[in-house]
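Only one structure is covered here, and it is reproduced in the block below.
The values are calculated or read from the model by the stated rules, or taken from the named source; none is laboratory data. Since we're looking at a predicted model, the values are computed, not measured. All Cβ positions, glycine included, derive from the backbone under ideal geometry; neighbour counts span all protein chains shown. Ligands, DNA and RNA are stripped out before the accessible areas are found, and what is left, the full protein with its side chains, is counted by its heavy atoms. Shrake-Rupley method; radii C 1.70, N 1.55, O 1.52, S 1.80 Å.
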Amino acid sequence: DRSQVMMRILSLLKSTNPNQPAMVVVTGGSESTFVATYATGVVEYEVPPVPIESIVDTNGAGDAFVGGFLSQLMLTQTVDMCVATGHAAAAAIIQQNGCQFIGQPPHVSSPHIKK
């Protein structure tokens, strides 16, 4: 199953930064995002919905997620905040034409963790 595969991939990774343990992140578009770490195992995050009529172009959504996620990781924010920022960045990008960001950065709300 997905959790076993993610934990197996995690076991193959070596962290080069002792302050930042290895992790595996799997996104699925509008489906859940999963993050695996040794500390938490696999955690599932709900993707906040974007109304279908607001979606203009999905190109760049994954890149935007990675940018948002890594921006917060570099600031040593929690994984929850990294995922929430990634989701917010992806949501902003898909509501515009092309892979560009116009206007103010999106507001980041609390992460939606599925229990």
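Converting phi to 3J(HN,Hα) with the Karplus coefficients 6.51, -1.76 and 1.60 and the offset θ = phi - 60°, the range 35-41 yields 10, 10, 9, 5, 5, 10, x Hz in sequence order, with x at every glycine or proline. Measuring max minus min along each principal axis, the C-alpha atoms of the range 1-44 give extents of 32, 18, 15 Å (largest first). Of the trypsin sites (Lys or Arg not before Pro) in the range 1-100, the ones in a loop by DSSP (not H, G, I, E or B) with at most 15 other beta carbons within 10 Å are K14.
With n ≥ 4 as the cut-off for DSSP H runs, can you work out [θ] at 222 nm for the chain, using -39500 (n - 2.57) per run divided by the number of residues, rounded to the nearest 500?
Values: 3 runs with 40 residues, N = 115.
Estimated from H runs of four or more residues: -11000 deg cm²/dmol.
Under the criterion of Cα pairs below 8 Å and six or more residues apart, the relative contact order for the chain equals 22 percent.
Within the assembled protein chains, the solvent-accessible surface assigned to S30 is about 100 Å², based on a 1.4 Å probe.
Reported value for the chain: 114 Å³ per residue, from the convex hull of its C-alpha atoms. Each residue of the range 49-58 was assigned a 3J(HN,Hα) from its phi angle through the Karplus curve 6.51 cos²θ - 1.76 cosθ + 1.60 (θ = phi - 60°); the sequence is x, 10, x, 4, 6, 8, 7, 9, 7, 8 Hz, with glycine and proline shown as x.
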